[in-house]
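Asker: Dropping the structure in here first, questions after.
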Amino acid sequence: MAFFAGLVDAVAGGGGLIQVPALFAAYPEAPPATLLSTNKVSAVGGTLNAARRYLRHVSLPWAIVGPAIVAGFIGSLMGANAVSNFPAEPLRKALPFVLLFLLLYTWFQPSLGEVHAPKAVGRHQQFKGIVLGLTIGFYDGFFGPGTGSFLLFGFVRFFGFDFLHASAATKLVNVATNLAAILMLASLGQINWSLGFAMMVANIAGSQFGSRLAIKHGSTFVRKAFLVIVTTLILKSAWNAYFIN
């Protein structure tokens, strides 16, 4: 499952849809925090590998992506630290509806993300990069499902990236948010390192294949994958929030 999670995540995010349920099914007695943090260890390897491959083929505006990476790291640290102080239930209930908005907006904007036309870099754009990284980073550290999809949509909608460049930027920010969450959870001793590293090897192999597919077939392919993954995430998150006690 880690292999398939790496493949899916490398294209359009959403690898957690595959990897997290597999961990809970395989280790039903393990504490949820341990399984979620182990998932982060596995995912960060595949995400980093996908980012490396993307950067061989695309050029990113670092004046926007750089601040988003730093802000994502800080936001994720804050989110992971806040987990014990605030309930995640309201987010769990709201997630299907937020994702539905992303899906409908992208569906009814067929030209969205087809052409890579990043907006001129200025302080306003850098500020938006910081806000995007901080917001989604906090969400990833605090809760997590759909982080890659939110970042992908953000880079397309607010910065004029096509889906291929947005996917590359997403991987870089996601590496930072995963690392921050790992550091925070590791300090609490809640990670199964041996399992996490074993799954990381498979996740990297999957990301190698997925990023190759995305680079070969371009933004149209990534957009279609994004729509499929977000649809699946809507159904899965709605089922978890409203039909499982």
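Values in this text are rule-based calculations from the coordinates and carry no lab data. Just so it is clear, the model here is predicted, and its values are computed rather than measured. Heads up, the Cβs are rebuilt from the backbone with ideal geometry, glycines too, and the neighbour counts pull from every protein chain shown.
Asker: Hey, what do the phi angles of the range 66-72 turn into as Karplus ³J(HN,Hα) couplings, whole Hz, using 6.51/-1.76/1.60 and θ = phi - 60°, x for Gly and Pro?
Answerer: 3J(HN,Hα) across the range 66-72, in whole Hz: x, x, 5, 5, 4, 5, x.
Asker: Give the shape of the chain as rounded, prolate or oblate, defined through the alpha-carbon gyration tensor: a ≥ b ≥ c are the square roots of its eigenvalues, a/c under 1.5 means rounded, and otherwise the shape is prolate if a/b is larger than b/c and oblate if not.
Answerer: On the way: a/c = 1.39, a/b = 1.37, b/c = 1.02.
Judged from the Cα gyration tensor, the chain comes out rounded (a/c under 1.5).
Asker: With unit charges on the beta carbon (Lys/Arg positive, Asp/Glu negative), name the residue among PRO32, ALA186, LEU99 whose Cα is farthest towards the positive pole of the charge dipole of the range 2-242.
Answerer: Value: LEU99.
Asker: So which trypsin sites (Lys or Arg not before Pro) in the range 1-60 are both in a DSSP loop and have at most 11 other Cβ atoms within 10 Å of their Cβ? If you can, show how the numbers build up before the last one.
Answerer: Details: sites: LYS40, ARG52, ARG53, ARG56; in loops: ARG56.
Counting only loop positions with at most 11 other Cβ atoms within 10 Å, the trypsin sites (Lys or Arg not before Pro) in the range 1-60 are ARG56.
Asker: I'd like the orientation of helix 193-242 relative to the chain: the angle between its Cα long axis and the longest Cα principal axis, in ° from 0 to 90, rounded to 10.
Answerer: 80 degrees
Asker: While we're on this one: Can you return the lysines within cross-link range of LYS40? Criterion is Cα-Cα under 20 Å, with same-chain partners fewer than 8 residues away left out.
Answerer: Here the lysines satisfying the reach criterion relative to LYS40 are LYS171, LYS236.
Asker: Which whole number of Å³ per residue matches the convex hull of the alpha-carbon atoms in the range 181-245?
Answerer: Values: hull volume 8.8 nm³, N = 65.
Roughly 136 Å³ of hull volume per residue.
Asker: Could you size up the charge dipole of the chain around its Cα centre, putting +1 on the beta carbon of Lys and Arg and -1 on that of Asp and Glu, and report it in debye to the nearest 20? Mind dumping the intermediate values first?
Answerer: Working: 16 positive and 6 negative charges, 113 e Å.
That gives a dipole near 540 debye.
Asker: Then there is this: Could you state the orientation-averaged shadow area of the convex hull built on the Cα atoms of the range 1-88, in nm² to one decimal? Present the calculation step by step, with values, prior to reporting the outcome.
Answerer: Numbers: hull surface 27.3 nm².
Projected area, direction-averaged: 6.8 nm².
Asker: Considering only the other residues whose Cβ falls under 13 Å of the Cβ of ASN49, what net charge follows from Lys and Arg at +1 and Asp and Glu at -1? It would help to have the intermediate numbers written out before the result.
Answerer: On the way: positive: ARG52, ARG53, ARG56, LYS171, ARG212; negative: ASP9.
For residues surrounding ASN49, the net value is +4.
Asker: Okay, moving on. Who wins for biggest fluctuation among PHE197, PHE108, PHE158 in a Gaussian network model of the chain, springs between alpha carbons below 10 Å?
Answerer: Most flexible of the set in this elastic network: PHE108.
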